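Student: Starting off with a structure, shown below.
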Amino acid sequence: MRNPLARLKIIAKKLAYFGTLGVFTLFASLPFIWMLITTFKQNPDLYNTANNPYIFNMAPTLTHLRELFMQTLFLRWMLNTLLVGVLVVIITLILVIPAAYSLVRLSGRLGERLGIGIFLTYLVAPTILFIPMARVVANLGLQDSLWSLVVVFPSFTVPFGIWLLMGFFKSIPRDLEEAAMIDGNSRLGAFIRMVLPISTPGILTIVIFTFTLVVQEFIYTLTFITSAKSYTVSVGVPTFLVHGDVYNWGAMMGGCLIASLPVAILYNFFLDRFIGGLTLGAVKG
Amino acid sequence: MTTGNAPPRPVGAEKVGRISLLLDNEKLLGILMIAPAVLYVLALVGYPLVLAFMYSLSDITIGSVSYNFVGLEKFKEIISDSGFKIALKNTLLFTFVSQAIVIVLAKILALLLVKNFKGKFFLRALILMPYVAPISLGVIGWLWMLDSIYSPINWFLQHSGLFGKDFRPMWLGKPFLAMFSIITVHVWRMLPLATVIILAGLTSIPQDIQDAAQVDGAGYFRNLFLITIPMMLPIMMVAILFGIVYTASDIIIILVLTRGGPYDSTQVLVSKAFYTGIDASDLAGGAAYALFLFPLLLAVAIFMLRIARRAEVT
């Protein structure tokens, strides 16, 4: 008699567990599901309030995607984003790798403090600075140019990058470099020959984060750039496609989805390292 | 100290000379390696920060060529503006209400996700989407979901039988509903990050402490309130602090969803700063609006430092 009851209880518990999890998942992913549906829906189907919006009442279509790529600057924005992303990654790596190593190995206790100080600038960044930065960019003669983004973006990718890489360098045993130095390498030689090769995963993390931060950036781009052809994708789509004259939800949703997915997937794989950095080592990631 | 342990045998004078030379070099090398990054950050964070303060004490506009010090005039002007009160109130309201909801939901979600089950990686990826996808693009998805005519949410509510067929709330067109929508989107955006941070904290609680509590006969809730939550406190603080920074300084959600409307009822400090400083070319006013966030960010920074120090000790 008790056995079926206990079984029922287990099933009810499982149902409650996955039910709650399901509600959370739906809440998180609903806008993206709605993007996916909208992208492939025909306009008469989309703009008919009598239709069930969650299913395809007419055959799916590729018209919106064709429009997105042929009639809007979407592709240009994607390329702009890629270009700025690559350049900012290069600048960030050049600045971050030696700085993080120096803070961990060559500056002692002061280095740790300075590292935390640099990390804290990551908190201040864009929202307080975008107003004076508009003037700085104008004075450099870079307004409305992609170069303004290339110059300014490292100001927030470098602090976080240094912090993340410091954690990584700390986990490398000192003996490794010391052995190399006893073998006649200089400190710099040991760093380049021993430390850098085994730091590839850490450096790759910096590359991914810098790139995703560039793709996500909004306020500086909105402030510095005024002509549509120089936008990055995360400003171009909301500024030009939403508040422009053409309201084409199908194309817009397609653009959002296409630009979001690669970044989201990349970020997802490296998120745990990012969290390890954010929590200041209070949690070993 | 970094050049290896001194060998036990007495060292020759020549060798001491070489080591000290090496040490000097290392110091120099250390400075040379860090200097470019520090200079970059000083030039593009430190310098604009000083400029922000200077601007807020002047009457500078985008076109002006000279600097005109006017003291606290701009701040006085802003504070007496009726829009300022709304912006300040909204900033605090959006930030603290959404973070209170986030921390409760994140705790629940983290406790659900700490268990292992088939397909967990895929589910986690879906739950993380709002945080890892570019925020402005995700919010456009919301803009379309909250559309006044074609909203799939309204369709669902109309067909759920709970409301009439003419139930058509203007999610972004009425002040109260617009604020509700903005807070919901803030929660949607920050929940994944808080969840993952808390999840990292949960998995780092040593199992032997939990085992000991179980041996002592502590039940689930005693375990939760006497062990899990106190041990999680620092990590939950980190989640909350980042949530506060991200939410208080966010401008994307407002700019994409409501542009501060209807009737400026959803303006926040940062959106005010943008519309004043960039759209209306009043750099001084914009800088002053943005600087009202500075005390909040400073407080968060101090808290973070304290947490970092604690982490350093243990």
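Student: Find the helices (runs of 4 or more DSSP H) located wholly in the stretch B:224-314 whose residues include 3 or more that are buried (at least 21 other Cβ atoms within 10 Å of the Cβ) and on the phi < 0 side of the Ramachandran plot, and list them.
Tutor: Details: elements: B:229-248, B:252-257, B:269-274, B:283-291, B:294-313.
The qualifying helices (runs of 4 or more DSSP H) are B:229-248, B:252-257, B:269-274, B:283-291.
Student: With respect to B:Pro130, determine if the residue is closer than 30 Å to A:Tyr47 by Cα and in a helix (DSSP H, G or I).
Tutor: Working: closer than 30 Å to A:Tyr47 by Cα: yes; in a helix (DSSP H, G or I): yes.
Against the criterion (closer than 30 Å to A:Tyr47 by Cα and in a helix (DSSP H, G or I)), B:Pro130 qualifies.
Student: Oh, and also: Exactly one condition in (1) farther than 24 Å from B:Ser271 by Cα; (2) more than 8 Å from every other protein chain (Cβ to nearest Cβ); (3) modelled with pLDDT under 90 is not met by B:Leu39; state its number.
Tutor: Single failed check for B:Leu39: (3).
Student: Among the residues of the stretch B:200-221, how many are surrounded by 13 or more Cβ atoms within 10 Å (Cβ to Cβ) and charged (D, E, K, R)?
Tutor: Number satisfying all stated conditions: 0.
Student: Hey, among the residues in the stretch B:164-200 that are within 14 Å of chain A (Cβ to nearest Cβ) and not in a helix (DSSP H, G or I), which one's modelled with the highest pLDDT?
Tutor: The first filter runs over the stretch B:164-200 and keeps only residues within 14 Å of chain A (Cβ to nearest Cβ), leaving B:165-168, B:171-172, B:181, B:183-200.
From what's left, not in a helix (DSSP H, G or I): B:165-168, B:171-172.
Numbers: B:Lys165: 76, B:Asp166: 77, B:Phe167: 80, B:Arg168: 81, B:Trp171: 86, B:Leu172: 89.
Ranking the candidates gives B:Leu172 first.
Student: Going by what's in this entry, would A:Ile162 be described as closer than 30 Å to A:Leu142 by Cβ, modelled with pLDDT of 90 or more and surrounded by 23 or more Cβ atoms within 10 Å (Cβ to Cβ)?
Tutor: Details: closer than 30 Å to A:Leu142 by Cβ: yes; modelled with pLDDT of 90 or more: yes; surrounded by 23 or more Cβ atoms within 10 Å (Cβ to Cβ): yes.
Considered against the rule, which asks whether it is closer than 30 Å to A:Leu142 by Cβ, modelled with pLDDT of 90 or more and surrounded by 23 or more Cβ atoms within 10 Å (Cβ to Cβ), A:Ile162 comes out as yes.
Student: Just checking, which of A:Ile182, A:Ile219 is out of contact with any Leu (no Cβ under 6 Å at 6 or more places or on another chain) and either surrounded by fewer than 23 Cβ atoms within 10 Å (Cβ to Cβ) or not assigned by TED's automatic domain parsing to the domain that holds A:Leu271 (or both)? Talk me through it step by step, then tell me what you get.
Tutor: On the way: A:Ile219 fails: either surrounded by fewer than 23 Cβ atoms within 10 Å (Cβ to Cβ) or not assigned by TED's automatic domain parsing to the domain that holds A:Leu271 (or both).
Step by step, each of A:Ile182, A:Ile219 is checked, and only A:Ile182 is out of contact with any Leu (no Cβ under 6 Å at 6 or more places or on another chain) and either surrounded by fewer than 23 Cβ atoms within 10 Å (Cβ to Cβ) or not assigned by TED's automatic domain parsing to the domain that holds A:Leu271 (or both).
A quick yes/no check of all residues on (1) at pLDDT 90 or above; (2) assigned by TED's automatic domain parsing to the domain that holds A:Met253:
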position: A:Asn48; (1), (2): no, no
position: A:Gln71; (1), (2): no, yes
position: A:Phe74; (1), (2): yes, yes
position: A:Met78; (1), (2): yes, yes
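Student: Could you check the stretch A:34-51 and list, in sequence order, the residues that are more than 8 Å from chain B (Cβ to nearest Cβ) and touching a helix residue (DSSP H, G or I) at 6+ places or on another chain (Cβ under 8 Å)?
Tutor: The first filter runs over the stretch A:34-51 and keeps only residues more than 8 Å from chain B (Cβ to nearest Cβ), leaving A:36-37, A:39-45, A:48, A:50-51.
Selection gives A:Leu36, A:Thr39, A:Phe40, A:Lys41, A:Gln42, A:Asn43, A:Asn51.
Student: A further question follows. Determine, yes or no, whether B:Ser66 is among the small types (Gly, Ala, Ser), without any contact (Cβ under 8 Å) to a residue 24 or more places away in the chain, over 25 Å from B:Val268 (Cα atoms) and loosely packed, with under 15 Cβ neighbours inside 10 Å.
Tutor: Values: among the small types (Gly, Ala, Ser): yes; without any contact (Cβ under 8 Å) to a residue 24 or more places away in the chain: yes; over 25 Å from B:Val268 (Cα atoms): yes; loosely packed, with under 15 Cβ neighbours inside 10 Å: yes.
Yes.
Student: In the stretch A:234-256, how many residues are at pLDDT 75 or above and surrounded by fewer than 18 Cβ atoms within 10 Å (Cβ to Cβ)?
Tutor: The qualifying residues number 0.
Condition check ((1) touching a helix residue (DSSP H, G or I) at 6+ places or on another chain (Cβ under 8 Å); (2) under 21 Å from A:Leu30 (Cα atoms); (3) free of Cβ contacts under 8 Å to residues at least 24 places away in the same chain) across all residues:
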residue: B:Ala110; (1), (2), (3): yes, yes, no
residue: B:Lys118; (1), (2), (3): no, no, yes
residue: B:Leu126; (1), (2), (3): yes, yes, yes
residue: B:Pro130; (1), (2), (3): yes, yes, no
residue: B:Leu146; (1), (2), (3): yes, yes, no
residue: B:Gly164; (1), (2), (3): yes, no, yes
residue: B:Leu177; (1), (2), (3): no, yes, yes
residue: B:Ser181; (1), (2), (3): yes, yes, no
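Student: Considering each residue of the stretch A:116-159, count those that are outside any helix (DSSP H, G or I) and surrounded by 23 or more Cβ atoms within 10 Å (Cβ to Cβ), and give that number. If you could, list the steps in order and put the result at the bottom.
Tutor: Here is the first cut: in the stretch A:116-159, the residues outside any helix (DSSP H, G or I) are A:140-145, A:153.
Narrowing the set further to residues that are surrounded by 23 or more Cβ atoms within 10 Å (Cβ to Cβ) leaves A:153.
Result for the stretch A:116-159: 1.
Student: Here is a check on your reading of the model: is A:Ala251 closer than 30 Å to B:Thr258 by Cβ, away from chain B (no Cβ under 11 Å), touching a helix residue (DSSP H, G or I) at 6+ places or on another chain (Cβ under 7 Å) and in a helix (DSSP H, G or I)? Can you show your working first?
Tutor: On the way: closer than 30 Å to B:Thr258 by Cβ: yes; away from chain B (no Cβ under 11 Å): yes; touching a helix residue (DSSP H, G or I) at 6+ places or on another chain (Cβ under 7 Å): yes; in a helix (DSSP H, G or I): yes.
Answer is yes for this residue.
Student: Looking at the stretch A:137-145, is at least one residue touching a Leu at 6+ places or on another chain (Cβ under 9 Å), among the polar types (S, T, N, Q) and within 11 Å of chain B (Cβ to nearest Cβ)?
Tutor: For the stretch A:137-145, residues touching a Leu at 6+ places or on another chain (Cβ under 9 Å), among the polar types (S, T, N, Q) and within 11 Å of chain B (Cβ to nearest Cβ): absent.
Student: I'd like to know if the stretch B:240-250 contains one or more residues that are more than 9 Å from every other protein chain (Cβ to nearest Cβ), of a type outside the set (S, T, N, Q) and more than 13 Å from the chain's Cα centre (by Cα).
Tutor: No, the stretch B:240-250 contains no residue that is more than 9 Å from every other protein chain (Cβ to nearest Cβ), of a type outside the set (S, T, N, Q) and more than 13 Å from the chain's Cα centre (by Cα).
Student: Kindly indicate whether B:Arg259 is more than 17 Å from the chain's Cα centre (by Cα) and over 30 Å from B:Trp142 (Cβ atoms).
Tutor: Values: more than 17 Å from the chain's Cα centre (by Cα): yes; over 30 Å from B:Trp142 (Cβ atoms): no.
Answer is no for this residue.
Student: Starting from the stretch A:264-278, take each residue that is within 7 Å of chain B (Cβ to nearest Cβ) and list its partners that are among the polar types (S, T, N, Q) and in a helix (DSSP H, G or I), counting only C-beta distances under 7 angstrom and pairs at least six apart or across chains.
Tutor: That search, which allows pairs on different chains as well, returns A:Tyr267/A:Thr212.
Student: Then there's this: Hey, among the residues in the stretch B:142-163 that are part of a helix (DSSP H, G or I) and in contact with a Leu (Cβ under 8 Å, 6 or more places away or on another chain), which one's nearest to A:Tyr47 (Cα to Cα)? Steps first, answer last, please.
Tutor: So the first thing to find is which residues in the stretch B:142-163 are part of a helix (DSSP H, G or I), and the list is B:142-145, B:152-159.
When the remaining residues are screened for being in contact with a Leu (Cβ under 8 Å, 6 or more places away or on another chain), the result is B:142-143, B:145, B:153.
Values: B:Trp142: 17, B:Leu143: 16, B:Met145: 13, B:Ile153: 15 Å.
For the stretch B:142-163, the residue satisfying everything is B:Met145.
Student: From the list A:Leu120, A:Leu95, A:Leu106, exactly one residue is in the same structural domain as A:Met181 (by TED's automatic domain parsing) and touching a Gly at 6+ places or on another chain (Cβ under 6 Å). Which is it? Before the answer, list the steps.
Tutor: Numbers: A:Leu120 fails: touching a Gly at 6+ places or on another chain (Cβ under 6 Å); A:Leu95 fails: touching a Gly at 6+ places or on another chain (Cβ under 6 Å).
Being in the same structural domain as A:Met181 (by TED's automatic domain parsing) and touching a Gly at 6+ places or on another chain (Cβ under 6 Å) holds for just one of A:Leu120, A:Leu95, A:Leu106, which is A:Leu106.
Student: Now for a separate question. Determine whether the stretch A:67-90 contains at least one residue that is among the hydroxyl-bearing types (Ser, Thr, Tyr), crowded, with 21+ Cβ neighbours inside 10 Å and either outside any loop (DSSP other than H, G, I, E, B) or within 13 Å of chain B (Cβ to nearest Cβ) (or both). Let's see the steps before the verdict.
Tutor: Initially, the stretch A:67-90 is screened for residues among the hydroxyl-bearing types (Ser, Thr, Tyr), giving A:72, A:81.
Subsequent filtering for residues that are crowded, with 21+ Cβ neighbours inside 10 Å retains A:72, A:81.
With the extra rule that they be either outside any loop (DSSP other than H, G, I, E, B) or within 13 Å of chain B (Cβ to nearest Cβ) (or both), the set shrinks to A:81.
So far as the stretch A:67-90 goes, yes, one or more of its residues are among the hydroxyl-bearing types (Ser, Thr, Tyr), crowded, with 21+ Cβ neighbours inside 10 Å and either outside any loop (DSSP other than H, G, I, E, B) or within 13 Å of chain B (Cβ to nearest Cβ) (or both).
Student: Between B:Ser151, B:Ser160, which is farther than 18 Å from B:Tyr263 by Cβ, among the small types (Gly, Ala, Ser) and buried (at least 16 other Cβ atoms within 10 Å of the Cβ)? Working first, answer last.
Tutor: On the way: B:Ser160 fails: buried (at least 16 other Cβ atoms within 10 Å of the Cβ).
Exactly one of B:Ser151, B:Ser160 is farther than 18 Å from B:Tyr263 by Cβ, among the small types (Gly, Ala, Ser) and buried (at least 16 other Cβ atoms within 10 Å of the Cβ), namely B:Ser151.
The values are calculated or read from the model by the stated rules, or taken from the named source; none is laboratory data. Keep in mind that what you see is a predicted model, and the values were worked out from it rather than measured. Cβ coordinates were reconstructed from backbone atoms using ideal geometry, including for glycine residues, and neighbour counts include every protein chain displayed.
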